[in-house]
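Engineer: Quick one: this structure, given as structure tokens, is what I'll be asking you about.
The values are calculated or read from the model by the stated rules, or taken from the named source; none is laboratory data. On a predicted model such as this, the values are computed, not experimentally measured, just so you know. Reconstructed Cβ throughout: ideal geometry from the backbone, glycine too, with neighbour counts over all protein chains shown. Heavy atoms of the whole protein, side chains included, go into the accessibility calculation; ligands, DNA and RNA do not. Shrake-Rupley method; radii C 1.70, N 1.55, O 1.52, S 1.80 Å.
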Amino acid sequence: MSGAKNAVLPIMASSLLAEGPVEIANVPRLRDIDTFGTLLGLMGAKVKREETGNPGDVELHIDARGARKAEAPYDMVKTMRASVLVLGPLVARYGMARISLPGGCAIGARPIDQHLKGLSLLGAETKLSEGYIEARADRLTGATIPFDMKTVTGTENLMMAATLAKGTTRLINAAREPEVCDLALALRGMGADIEGEGTDEIVVRGVSSLSGVRHEVMGDRIEAATLLLAGAITGGDVTAEGADAEAMAAVLEKLGESGADVSLLPGGVRVRRNGQIRPVNLATSPYPGFPTDVQAQFMAYMCLCEGQSTIQETIFENRFMHVAELRRMGARIDISGSTATVKGVPRLSGAPCMATDLRASASLVLAGLAANGTTEILRIYHLDRGYEMLERKLSSLGADIARVQE
Ligand code: EPZ
């Protein structure tokens, strides 16, 4: 199991809070992580990648004590909106930040109003000028922050900012994702006073400074779900070693409902499917609900179901771009608003297709594994943002898949 990209990124950002070196273990080799390292480097932090001898992962050693340039420039943020995660730490540690407002991306507008509302409640002045958010505060003061909706990076940004604020902060309607909990663990290791992560209310009592830490990142539950779905869609038998069944409970429940045989083993999770694929209805929702990051992959699986499945995407407004590509492989999918109705077909047929965003590209890989004939997927740089050597992992499971030069 590779480390979770969406846990590594906020923990990298939290190094800006530390008055000592931060070591992050079990880090996958992913483009987004390299980009984030470059961003921290631009700010003056020292970022080193240490080989661990284990081919699967690397360690990052970050020393942000030299960071002085509290700015995330447009050309960085436009390629990776997770750059917004430096906002809270910079304001908390240096009293100011200048972050390019992240534009939308393929899956939606992706506003950060909740991040800014929270910073204002903590006492920061924020303003928008020339496409940049400028935030300033002498010292942040603890406050109660009610989120209008569950936001993962919003919760992470404000949890980080609150660690050095004066007084107590309550995050109400906080995101409960396991990656938020992993960040809280790392922050606690740095000396932060945090409780309630994983529930709807997180309480942070500000401290005067944070030290360095060594933290081993949790496994990537989205990658594990993708690999288990590869087993289910091909009628195979896949065990995701080290997978945390609880962090994937909603996906495993739907896999079970579809007729796949799901077994929780001491060292991971095993999925086998040799009967028909029963249709399953689902709606994505914030953790512990069905993750939006697995919606596209599960839809590929439902393309082969015996019957009709409805899949509703409630988190992002435009996360059905894989549908047009799946249709080119013979899938029968109708979209009405935020709901896709999938009418199962006996077989998909391989076709050249285009990746559009990270998880959509994974869904095309899964469809290609199960299709008759060969599928060629273009623009797989989207895939490399979130999956480390996916083709190697799938080949080791028996897939006939190769990376060809574009
Ligand atoms: C995180 O994005 C993940 N990224 C996403 O994974 C994931 O899909 C998403 O959470 C939902 O689980 C990282 O953790 C780096 P949100 P984030 O703020 O934090 C709206 C992947 O594939 N919203 O939880 O940006 C927003 O528009 C990526 O690895 C506001 O309106 O998502 C969305 O509709 C893709 N205002 C909803 O809330 C705000 O201020 C949830 O967004 C913030 C969010």
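Engineer: With all protein chains present, calculate the accessible area of Arg49 using a 1.4 Å probe and round the result to the nearest 10 Å².
Structural biologist: Number for this one is 100 Å².
Engineer: Towards the positive end of the charge dipole of region 229-284, with charges on Cβ (+1 Lys, Arg; -1 Asp, Glu), say which of Ser263, Pro279, Gly242 has the farthest Cα.
Structural biologist: It is Pro279.
Engineer: Give me the distance in nm between label points sitting 7 Å out from Cα along the Cα-to-Cβ direction at Asp237 and Ile172, one decimal.
Structural biologist: Once both label points are built, they end up 5.3 nm from each other.
Engineer: Which residues among region 3-47 fall inside the zone where the amide N is under 14 Å from a point 7 Å beyond the Cα of Thr79, along Cα→Cβ?
Structural biologist: Label zone hits: 30-42.
Engineer: Next up: Could you check how much of the accessible area of region 186-273 is carbon and sulfur, as a whole percent, using a 1.4 Å probe?
Structural biologist: Carbon with sulfur: 45 percent of the solvent-accessible area.
Engineer: Under the classification rounded if a/c is under 1.5, otherwise prolate if a/b is larger than b/c and oblate if not, where does region 319-370 fall, given a ≥ b ≥ c as square roots of the Cα gyration tensor eigenvalues? Before the final figure, lay out each step's value.
Structural biologist: Working: a/c = 1.99, a/b = 1.10, b/c = 1.81.
Note, shape of region 319-370 comes out oblate.
Engineer: Counting only protein chains, not ligands or nucleic acids, how are Cys303, Cys105 ordered by accessible area (probe 1.4 Å), most first? Before the final figure, lay out each step's value.
Structural biologist: Values: Cys303 0, Cys105 55 Å².
Result of the area sort, largest leading: Cys105, Cys303.
Engineer: Between Cys105 and Arg278, what length in nm is gained on full extension when 0.36 nm per residue of separation is reduced by their alpha carbon distance?
Structural biologist: On the way: separation 173, 0.36 × 173 = 62.28 nm, distance 3.35 nm.
Separation in residues times 0.36 nm, less the Cα-Cα distance, equals 58.9 nm.
Engineer: At a Förster radius of 35 Å, what calculated FRET efficiency corresponds to the Cβ-Cβ distance of Ala25 and Ser129, to the nearest 0.05?
Structural biologist: Numbers: r = 39 Å, r/R0 = 1.13.
Using R0 = 35 Å, I get an efficiency of 0.35.
Engineer: Do any GluC sites (Glu not before Pro) in region 104-178 lie in a DSSP loop with no more than 14 other beta carbon atoms within 10 Å, and if so, which? Write down the numbers at each step before the final one.
Structural biologist: Working: sites: Glu125, Glu130, Glu134, Glu156; in loops: Glu130.
In loop regions of region 104-178 (DSSP not H, G, I, E or B), the sparsely surrounded GluC sites (Glu not before Pro) are Glu130.
Engineer: When the Cα centres of region 34-57 and region 190-208 are compared, how far apart do they sit, in Å?
Structural biologist: 27
Engineer: To continue, here is another question. Given points 7 Å out from each Cα along the Cα-Cβ axis, report the Tyr381 to Arg139 separation in nanometres with one decimal.
Structural biologist: Label at Tyr381, label at Arg139, 4.5 nm between them.
Engineer: Check Gly307: other-chain or 5+ apart residues with amide H under 5 Å from its amide H, H built from backbone geometry?
Structural biologist: Here Gly344 satisfy the definition.
Engineer: Sequence gap at least 6, Cα distance under 8 Å: using those rules, report the relative contact order of region 1-136 to the nearest whole percent. Each step should come with its number before you reach the end.
Structural biologist: Working: 232 pairs, mean separation 28.5, N = 136.
Reported relative contact order: 21 percent.
Engineer: Let me ask something else about it. Mind ranking Tyr301, Tyr132 by accessible surface for me, highest first, 1.4 Å probe?
Structural biologist: Details: Tyr301 0, Tyr132 35 Å².
Putting Tyr301, Tyr132 in descending order of accessible area: Tyr132, Tyr301.
Engineer: Mind giving me the FRET efficiency for Asn372 and Glu50? R0 is 41 Å, r the Cβ-Cβ distance, nearest 0.05 is fine.
Structural biologist: Details: r = 45 Å, r/R0 = 1.09.
FRET efficiency, Asn372 to Glu50: 0.35.
Engineer: Calculate, for the chain, the solvent-accessible area per residue in square angstrom, rolling a 1.4 angstrom probe over the heavy atoms of the protein chains. List each step's numbers first, then the result.
Structural biologist: On the way: 16000 Å² over 406 residues.
Here the per-residue accessible area is 39 Å².
Engineer: Right, something else. What residue among Ser258, Ser211, Ser129 shows peak mean-square fluctuation when the chain is described by a Gaussian network model with Cα springs under 10 Å?
Structural biologist: Maximum fluctuation in the GNM of the chain, among the listed residues, is at Ser129.
Engineer: Compute a Gaussian network model of the chain, connecting alpha carbons closer than 10 Å, and tell me which residue from Gly53, Gly88, Gly259 fluctuates the most.
Structural biologist: Its mean-square fluctuation being the largest, the pick is Gly53.
Engineer: May I pose another question? Could you work out which residue, out of Ile112, Ile62, Ile315, moves most in a Gaussian network model of the chain, that is, has the largest mean-square fluctuation with Cα springs under 10 Å?
Structural biologist: Ile112
Engineer: Setting aside same-chain residues fewer than 8 positions from Lys254, which lysines have a Cα under 19 Å from its Cα?
Structural biologist: Of all the lysines, those that pass the test against Lys254 - Cα under 19 Å, at least 8 places apart if same chain - are Lys343.
Engineer: Set Lys and Arg Cβ to +1 and Asp and Glu Cβ to -1, take the dipole of region 1-158 about its Cα centre, and tell me which of Ala135, Ala82, Asn26 lies farthest positive.
Structural biologist: After comparing all options, I get Ala135.
Engineer: Protein chains only, probe 1.4 Å: how do Thr314, Thr169 rank by accessible area, largest first? All intermediate terms of the calculation are to be shown ahead of the outcome.
Structural biologist: On the way: Thr314 70, Thr169 0 Å².
The ordering from most to least exposed comes out as Thr314, Thr169.
Engineer: Can you tell me, using C-alpha contacts under 8 Å and at least 6 residues apart, the relative contact order of region 312-406 as a whole percent? Let's see the in-between values first.
Structural biologist: Working: 125 pairs, mean separation 21.6, N = 95.
For region 312-406, the relative contact order is 23 percent.
Engineer: Longer than 30 Å from Cα to Cα, which of Lys127/Lys150; Lys48/Lys117; Lys48/Lys393 are they? Say none if no pair is.
Structural biologist: Working: Lys127/Lys150 23 Å; Lys48/Lys117 34 Å; Lys48/Lys393 26 Å.
Check vs 30 Å cut-off fails for Lys48/Lys117.
Engineer: I'd like the accessible area for Ser208: 1.4 Å probe, protein heavy atoms, all chains in place, Å² to the nearest 10.
Structural biologist: 110
Engineer: What is the helix-to-structure angle for 221-233, meaning the angle in degrees between its Cα long axis and the longest Cα principal axis of the chain, kept from 0 to 90 and rounded to the nearest 10?
Structural biologist: Computed tilt is about 0 degrees.
Engineer: OK, next. Report, in debye and to the nearest 20, how large the dipole of region 111-184 comes out about its Cα centre when Lys and Arg carry +1 and Asp and Glu carry -1 on their Cβ.
Structural biologist: Values: 8 positive and 10 negative charges, 65 e Å.
The calculated dipole for region 111-184 is roughly 320 debye.
Engineer: Could I ask something else about it? Using only the alpha-carbon atoms, how far is helix 358-370 inclined from the longest principal axis of the chain? Give it as 0 to 90 degrees, nearest 10.
Structural biologist: Value to nearest ten degrees: 20.
Engineer: In the chain, with Lys and Arg counted as +1 and Asp and Glu as -1 at Cβ, which of these residues, Gly289, Gly189, Ala13, has the Cα nearest the positive end of the dipole, that is, farthest along it?
Structural biologist: Value computed over the given set: Ala13.
Engineer: Sticking with this one: Quick one: work out the % antiparallel among DSSP beta bridges in the chain, nearest 5. Don't skip to the answer; put the middle values down first.
Structural biologist: Numbers: 50 of 68 bridges.
Percentage antiparallel, nearest 5: 75.
Engineer: Can you give me the solvent accessible area of Val342 with a 1.4 Å probe, rounded to the nearest 10 Å²?
Structural biologist: 0
Engineer: Taking 8 Å as the Cα distance limit and 6 or more residues as the minimum spacing, I'd like the relative contact order of the chain as a percentage.
Structural biologist: Numbers: 950 pairs, mean separation 52.9, N = 406.
It comes to 13 percent, rounded to a whole number.
Engineer: Right, here's the next one. Can you order the peptides 323-331, 368-376 by their average number of other Cβ atoms within 10 Å per residue, highest first? Mind dumping the intermediate values first?
Structural biologist: Working: 323-331: 20.3, 368-376: 18.0.
Final packing ranking: 323-331, 368-376.
Engineer: What FRET efficiency comes out for Ser336 versus Glu195 if R0 is 41 angstrom and r is the Cβ-Cβ distance? Round to the nearest 0.05.
Structural biologist: Values: r = 43 Å, r/R0 = 1.05.
Using R0 = 41 Å, I get an efficiency of 0.40.
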